[in-house]
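Step one of this worksheet: look at the structure below.
The values are calculated or read from the model by the stated rules, or taken from the named source; none is laboratory data. What you see is a predicted model, and the numbers here were worked out from it, not measured in a lab. Positions of Cβ are backbone-derived with ideal geometry, glycine not excepted, and every protein chain shown enters the neighbour counts. The area values use the complete protein model at the heavy-atom level, side chains included, leaving out ligands, DNA and RNA. Shrake-Rupley method; radii C 1.70, N 1.55, O 1.52, S 1.80 Å.
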Amino acid sequence: MEHRMRLKPSPFEKIKQGTKTMELRLYDEKRRKISIGDRICFVNMEDEGETLFVEVKNLYVFESFEKLYQRLPLTSCGYTQEDVHRASPRDMEEYYSPKQQAEVGVVGIEISLL
């Protein structure tokens, strides 16, 4: 199955360069349909014509980004060695409120570029 997700330019470029191998999302109805082996087409939000295709390697489901940040390697999630010490689950509140996280949980989608 193939899924489509939009990404801001920075995470899009990190996936393109191979430095981000984990996409973090709410574990909402749309993400619950993702299975290992599926493909995701990421669309650059600033240039809708620019896309990347990845394969889903694994899914890591947690009740919150706080739990996810404790368990997954943050350098795979888009942080660099230089900024990983400043990484905080609150960074994800730019996208998803604590209430949304509590309602549906969160997922780390491990990917590899096709």
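Which residues, taken from region 90-114, are under 22 Å from residue 29 (Cα atoms), in a helix (DSSP H, G or I) and of a type outside the set (S, T, N, Q)? Working first, answer last.
Going residue by residue through region 90-114, those that are under 22 Å from residue 29 (Cα atoms) are 92-111.
This time we only want the ones that are in a helix (DSSP H, G or I), so: 92-94, 98-104.
Within region 90-114, 92, 93, 94, 98, 99, 102, 103, 104 meet the criteria.
A count restricted to region 60-89 and to residues that are open to solvent by 60 Å² or more (accessible area, probe 1.4 Å), touching a helix residue (DSSP H, G or I) at 6+ places or on another chain (Cβ under 8 Å) and not acidic (Asp, Glu) stands at 2. Beta carbons closer than 6 Å, at least 6 apart along the sequence or on distinct chains, never pair a first residue in region 8-20 that is at pLDDT below 95 with a second that is part of a helix (DSSP H, G or I). For region 12-31, the candidate set comprises residues that are assigned to a helix (DSSP H, G or I) and within 17 Å of residue 81 (Cβ to Cβ); within that set, the residue that is most open to solvent (accessible area, probe 1.4 Å) is 17. Inspect all residues belonging to region 29-49 and state whether any of them is in contact with a Ser or Thr (Cβ under 6 Å, 6 or more places away or on another chain), closer than 15 Å to residue 112 by Cβ and in contact (Cβ under 8 Å) with a residue 40 or more places away in the chain. Within region 29-49, none of the residues are in contact with a Ser or Thr (Cβ under 6 Å, 6 or more places away or on another chain), closer than 15 Å to residue 112 by Cβ and in contact (Cβ under 8 Å) with a residue 40 or more places away in the chain.
Just one of the listed residues (79, 96) is in contact with a strand residue (DSSP E or B) (Cβ under 6 Å, 6 or more places away or on another chain) and of a type outside the set (A, V, I, L, M, F, W, C), and it is 96.
When region 19-48 is filtered for residues that are over 13 Å from the mean Cα position of the chain (by Cα) and more than 21 Å from residue 92 (Cα to Cα), the ones remaining, listed by number, are 33, 35, 36, 37, 38, 39, 47, 48.
Identify the residue in region 49-59 that is buried (at least 16 other Cβ atoms within 10 Å of the Cβ) and under 13 Å from the mean Cα position of the chain (by Cα) and, among all such residues, is farthest from residue 106 (Cα to Cα). Only one residue tops the list, namely 54.
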